[in-house]
1. Net charge near residue B:126: determine it from the other residues with C-beta under 9 Å of the C-beta of residue B:126, scoring Lys and Arg +1 and Asp and Glu -1.
2. Just give the residues from the range B:200-230 buried by at least 50 square angstrom of accessible area in the all-chains context relative to the isolated chain, probe 1.4 Å, and say none if nothing qualifies.
3. Lys/Arg Cβ at +1, Asp/Glu Cβ at -1, dipole of the range B:10-150 taken about the Cα centre: which of B:149, B:128, B:28 is farthest positive-ward?
4. DSSP loop trypsin sites (Lys or Arg not before Pro) in the range B:115-192 with at most 16 other Cβ atoms within 10 Å of their Cβ, which ones?
5. How high is the relative contact order of chain A, in percent, counting Cα pairs under 8 Å that sit 6 or more residues apart?
6. Above 33 angstrom, tally the Cα pairs of the protein assembly as shown and express them as a % of all pairs, no decimals.
7. Decide, for the range B:1-124, between rounded, prolate and oblate: order the square roots of the alpha carbon gyration tensor eigenvalues as a ≥ b ≥ c, take rounded if a/c falls under 1.5, and otherwise choose prolate if a/b is larger than b/c, else oblate.
8. Over what distance in Å are the Cα centres of the range B:125-144 and the range A:217-243 separated?
2 protein chains.
Amino acid sequence: MTVTVAIDCMGGDHGPVVTVPAALDFLHKREDAEVILVGDEKSIRQYLKGVGHPRLRIRHASEVVGMDESPALAIRNKKDSSMRVAIDLVKSGEADACVSAGNTGALMAISRFVLKMLPGIERPAICAVLPTMSGHVHVLDLGANVDCSHEHLLQFGIMGASLVGAVEHKDRPSVGILNIGEEDIKGNEVVKLAAEQLKTSGLNFVGNIEGDGIYKGEADVVVCDGFVGNVALKTSEGLAQMLATFLREEFGRNLLTRVAGLLALPILKHFKQRVDHRRYNGACLLGLKGVVVKSHGSADAFAFCHALERAADTVRNNVLTRIVERIPVLENA
Amino acid sequence: MTVTVAIDCMGGDHGPVVTVPAALDFLHKREDAEVILVGDEKSIRQYLKGVGHPRLRIRHASEVVGMDESPALAIRNKKDSSMRVAIDLVKSGEADACVSAGNTGALMAISRFVLKMLPGIERPAICAVLPTMSGHVHVLDLGANVDCSHEHLLQFGIMGASLVGAVEHKDRPSVGILNIGEEDIKGNEVVKLAAEQLKTSGLNFVGNIEGDGIYKGEADVVVCDGFVGNVALKTSEGLAQMLATFLREEFGRNLLTRVAGLLALPILKHFKQRVDHRRYNGACLLGLKGVVVKSHGSADAFAFCHALERAADTVRNNVLTRIVERIPVLENA
């Protein structure tokens, strides 16, 4: 079976200069994949530099959704935007998944408008992968839902567990809830109620996880309110950037430290590779009737290619079917 | 003027083995300071190892508040605990500040019960200092208040600005609110309302700060809900631990990497020093009629000494008076 990925080539901070080479890399890596490059045909051809590929097609789209554009206006006014056309291709079945590095709010809104939500799910949740001491963890929601009810948190648990179960072939992935203490009595009312529901949900619920537990790998899936999740993610990005800057500064301090830095270079490179956020690029918008993956806006070709691979894996492992199968659990909840 | 600090010697993961040597270091560093060591006299004397000090007194307390003990029970049943007696010393005026590495919930509850809140403030907020690209930032609340109203967030802004203004002699410290986007329309209702109030508060309000903005140093003070703040802090701790572990692992991989590690050791040490969380130990419980500083439970003597210094600085710079002076602003809000 072939997996066809529709790529919003114009989205993100860089557009086709990043998305087109990433698409070619992706085709090279995944022989089961086809891509549809969506966007301004002239720009796309420019970055293809005359290279063709039997598993590559171009679909022209005349508009682009701006990074700061209002989602509502994007739905109403940008019907021929690269983002909209890519999502339409998923709706029509021509593509199995869509990947965009564009405006997150618009991607969520258009996806929801075009593809609709799975029954029992109210809004998409953004689910990303982060590295941990012992492997990695899926965290959701990372910013789609700023005010979550306990039912939403339960839904996140079910969707996250379905995703990890499908993609990593784990029978009963562990699910934790992000909280400010390990004891049952901690946290706000919504989190306490959600924890009670998760306990009886049939999921492999491991209870409260504190912020540091995310990176300790205390659960396969960590659920949280989109506000809290977004803060945790961005705070991590900021801290990692600061530490990287300080490390560079220390090694660049003088001739002696630069020599030591040269000697340590292979080690530092290996370290960097191990925690390279680009390898974790590509967050799934879960709960939609279709596979939509959001790449970081500033992704380079290496990172964007990872988002394409994540989309292909999500399709390949029937994540949507797995979520739908778990939906009766939601109705009984 | 002498600053007298009452030290809960029994609190924290380690008790007097850490708190007593830290107290001696503190006395050595700060000639304007006196300490009252509160706790089991026999244990304290054991760790003093016969060393006396003209600016050191011992106040025996027969009980200890357990790290997992319920705050309500600690108030009711542990009237001769080291924590309670240390706070009582602040109430009676015998000490200017109290420092404890013990149970946070109990410390908050007992402080509030004994010292009472400043007029117009409902609950204490935990305010800690974090390093940034360009210096450091004060963040509050870090876990005292799990459900904040917009009025609470405004109060945090005023208290945080008063603290920074006093301790760092800044006239108009900048205040930001933690949010999930820089635009005004982002975030939940409470945060939006709080941002509106902060705008007209007379503070030097710089608007929304995203998680990464904390470490970029985008404001002197960042206010947030205690749930969000606690998650941000603990997530940072977890990430920093993971990165440190990975770095150690990479340098310990084989003989060659170990040699490179030896050469890079002074650089890595300097790097570590720069971001050493122990130097940032000591969070102020703001809003009380008295200075109470919470040390990390697992603090070592170096870190605990920093918490003692923070307490002395808070007293020395009249932070309470500064907060009280700003309170009319609260009443008009």
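1. Numbers: positive: B:294; negative: B:141.
In short, 0.
2. Buried by 50 Å² or more upon assembly, which counts only protein chains, are B:212, B:215, B:227, B:228.
3. Going by the Cα projections, it comes out as B:28.
4. Numbers: sites: B:116, B:170, B:186, B:192; in loops: B:116, B:170, B:186.
Sparse-neighbourhood loop trypsin sites (Lys or Arg not before Pro): B:116, B:170.
5. Values: 684 pairs, mean separation 74.6, N = 333.
Once divided by the residue count of chain A, the mean separation gives 22 percent.
6. Summing the P(r) tail past 33 Å for the protein assembly as shown gives 52 percent.
7. Working: a/c = 2.14, a/b = 1.35, b/c = 1.59.
Note, shape of the range B:1-124 comes out oblate.
8. 17
The values are calculated or read from the model by the stated rules, or taken from the named source; none is laboratory data. Just so it is clear, the structure is predicted and the values come from calculations on it, not from any experiment. Neighbour counts are summed over all protein chains in view; Cβ atoms, including those assigned to glycine, are modelled from backbone coordinates with ideal geometry. Areas reflect the complete protein model, heavy atoms only, side chains present, ligands, DNA and RNA absent. Shrake-Rupley method; radii C 1.70, N 1.55, O 1.52, S 1.80 Å.
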